[in-house]
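Report on the following structure.
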Amino acid sequence: MVGIPSRHKSLVLLAGVIVLQVLMLAVQIKRNSEGRLIRVWTVGAVSPFERAGSNSFGWIRNTWRHYFALQNTTRENEEIRRENDVLKLQISQLQGKAAEADRLAALLNFRQSHAEVPMIAARVIGVSAGTASRTIQLDRGERDGIRKNMGVITPDGVVGKVVETYPNAALVLLLTDKESGVGAMLADSRIQSPVGGQGEPLLIMKYVPNDDTVNFGERVITSGMDRIFPRDLPVGTVAEIKAGNPFKQIRIKPAANLERLEEVLVLLSLRPLEMKSEEPTQAKPSAPSAPVATPQPAVRR
Amino acid sequence: MNDAFDIRGESHIEVHKFRTGAIIIATLLALLIQSSFPIHFAKAAVLDLPLLVTIYFGLSRRNPSTGLLLGMFIGLLQDSLSGPTVPLGLYGIAKTIIGYLASSIGARLDTEHPAARFALTFAFFITHQGLIVITRRILLVQPEPWFNMHLIVAALVNALVAVFLFLLLDRLRKN
């Protein structure tokens with residue numbers, strides 16, 4: 001039997017490995033599986049380090065911002081400098097804690113003002129390990145009651161939805177991801193249309209007919225039609241309007257700062273939620289409820 | 001460069017050996033930083049540290065078989081950490097090919113000069129993104145743009161970071 005020439009062995013190995021991965025891709029598409037076991041192992045192994053890294057990085061950042069950066073201003077007297085350094089270090093720690101307390105207080109206020117909606121606060125400990133998707137990893141998971149398809153928000157607005165859960169962690173698909181979407185409507189004109197991500201900082205609202213009037217800067221809020229997010233939560237503001245065929249191309253600036261998330265709230269319910277609104281709601285959904293990420297033509301109220 | 005021709009007839013120019021565990025630790029560290037650094041610096045998401053590590057060890061080890069296997073390992077781990085919207089194999093395929101190409105080129109060219117490292121990383125980054133676009137468009141039937149200015153900027157940033165990162169990783173070599 002004729003063997004493979006040695007110098008071609010690596011080429012054969014390359015072909016074999018590529019074919020194997022292509023087959024793995026095909027199996028995932030065909031069976032709609034996501035290789036959950038491998039992901040659970042990997043995330044389980046990495047998340048403790050991410051948690052530790054996130055905490056220590058936060059400490060270093062606070063120390064750097066509030067201590068080392070100010071060190072040059074305290075050279076007049078060695079004694080005073082030492083004393084100052086100690087005080088500054090304490091201040092930096094207190095400032096870090098105060099900033100964290102402010103953020104947590106905002107979350108708590110929001111939580112208390114919407115006591116009827118079950119939710120839990122979680123800390124962001126990781127982001128997607130590449131640019132192909134936009135996800136964040138939370139430090140809470142199945143043991144805290146988090147399940148797949150639960151909504152994730154901040155007091156500023158909608159963040160995304162839970163797409164994967166692990167015992168002590170959960171993965172959230174951000175609104176800016178290409179495969180993400182939320183049932184939304186324009187706050188003034190009450191025109192309903194899903195808002196989705198496109199892998200960029202701005203979101204897109206695709207299904208608003210050219211005949212409808214949309215104003216620059218108009219607020220976009222959740223419509224509640226996706227059965228994940230309650231109605232009237234801020235999604236963003238209209239940042240760009242272009243005529244399209246047959247729908248307008250409307251780009252939305254997200255209300256929540258999705259580039260810098262540190263703490264979020266997870267809506268602990270898989271049933272449609274209602275949230276108390278300060279303004280009376282005019283919209284009355286008449287169209288059947290749309291699942292998230294399923295584009296539907298706009299419904300004008 | 002110490003060229004060696006092994007008994008099996010395959011040209012292995014394995015000039016650089018690394019300290020025990022260095023490759024695994026560097027790989028895991030790159031993945032960990034990649035998945036946690038952008039929380040604090042959003043712009044850091046433009047970096048692809050796992051790719052830079054794949055390129056570095058490919059160029060240094062200069063063995064196509066180990067280069068492609070390391071690329072596959074790193075790529076699949078990156079897939080697992082990227083959430084369910086990224087199927088296992090997307091980064092895996094791209095990094096397998098980059099690992100193979102890097103180690104094949106490393107065996108033929110001088111890749112120690114910073115200018116060569118800059119140029120090679122730039123080219124590999126573009127190739128890597130091209131492979132991802134091909135996989136998305138052909139195998140996954142997902143719309144994906146072929147080219148944009150962001151890609152060029154990202155390639156330049158990664159190439160620049162690679163020059164300094166590779167100098168750092170050179171310290172892991174056995175003397």
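Rounded to two decimal places and with Rh computed the Kirkwood way over Cα pairs, what is Rg over Rh for region A:80-237?
So for region A:80-237, dividing Rg by the Kirkwood Rh gives 1.08.
After finding the eigenvalues of the alpha carbon gyration tensor for region A:109-183, what semi-axes result from the square roots of 5 times each, listed largest first in whole Å?
Over the Cα atoms of region A:109-183, the semi-axes work out to 20, 15, 11 Å.
What FRET efficiency, computed as 1/(1 + (r/R0)^6) with R0 = 30 Å and r the Cβ-Cβ distance, is obtained for A:Val19 and B:Ala123, rounded to the nearest 0.05?
With R0 = 30 Å, the Cβ-Cβ based efficiency is 0.75.
Report Rg/Rh for chain B, rounded to two decimals, where Rg is the Cα radius of gyration and Rh the Kirkwood radius.
0.97
Shape verdict for region B:25-113, please, from the Cα gyration tensor: rounded (a/c under 1.5), prolate (a/b greater than b/c) or oblate.
oblate
Kindly state, as a whole number, the per residue volume in cubic angstrom of the convex hull around the alpha carbon atoms of region B:106-158.
Each residue corresponds to 80 Å³ of Cα convex hull volume.
Return the single residue from B:Asn148, B:Asn63, B:Asn158 with maximal mean-square fluctuation; model: Gaussian network over chain B, springs between Cα atoms under 10 Å.
B:Asn148
Let me know the mean shielding of A:11-22 by other chains, meaning the per-residue number of their Cβ atoms within 10 Å of its Cβ.
6
Classify region A:167-228 from the C-alpha gyration tensor, please: rounded if a/c falls under 1.5, else prolate or oblate depending on whether a/b exceeds b/c.
It comes out prolate by the Cα gyration axes.
Pull out a ≥ b ≥ c, the square roots of the eigenvalues of the alpha-carbon gyration tensor of region B:135-175, then state rounded if a/c is under 1.5, prolate if not and a/b is larger than b/c, and oblate in the remaining case.
oblate
What ranking do B:141-147, A:244-250 get when scored by the average of other Cβ atoms within 10 Å per residue, highest first?
Listed from highest to lowest mean packing, they are A:244-250, B:141-147.
Can you give the helix-only mean residue ellipticity at 222 nm for chain B, where every DSSP H stretch with n ≥ 4 adds -39500 (n - 2.57) and the sum goes over all residues, rounded to the nearest 500 deg cm²/dmol?
Counting only the DSSP helices, I get -21000 deg cm²/dmol.
Roughly how many whole Å is it from the C-alpha centroid of region A:137-207 to that of region B:86-148?
Measuring centre to centre over Cα atoms gives 31 Å.
On a straight-distance basis, which lysines could pair with A:Lys178 in a cross-link, Cα separation under 26 angstrom, same-chain partners fewer than 8 positions away excluded?
Once the sequence-local lysines are set aside, what remains near A:Lys178 is A:Lys30, A:Lys148, A:Lys161, A:Lys206, A:Lys242, A:Lys248, A:Lys253, B:Lys43, B:Lys95.
Below 8 Å between Cα atoms, with a sequence gap of 6+, how large is the relative contact order for region B:19-170 in percent?
Relative contact order, region B:19-170: 22 percent.
May I ask you to list, by number, the DSSP H helices of chain B whose Cα span along the axis is at least 27 Å and whose average Kyte-Doolittle hydropathy reaches 1.0 or more?
B:114-134, B:149-170
Order the peptides B:98-108, A:13-23, B:83-93 from the highest to the lowest mean number of other Cβ atoms within 10 Å of their residues.
B:83-93, B:98-108, A:13-23
A short reminder: the numbers here are calculations on the coordinates, not readings from a lab. Bear in mind the structure is a predicted one, so any value in this text is a computation, not a measurement. Note: ideal-geometry Cβ built from the backbone for every residue, glycine included; neighbour counts use all protein chains shown.
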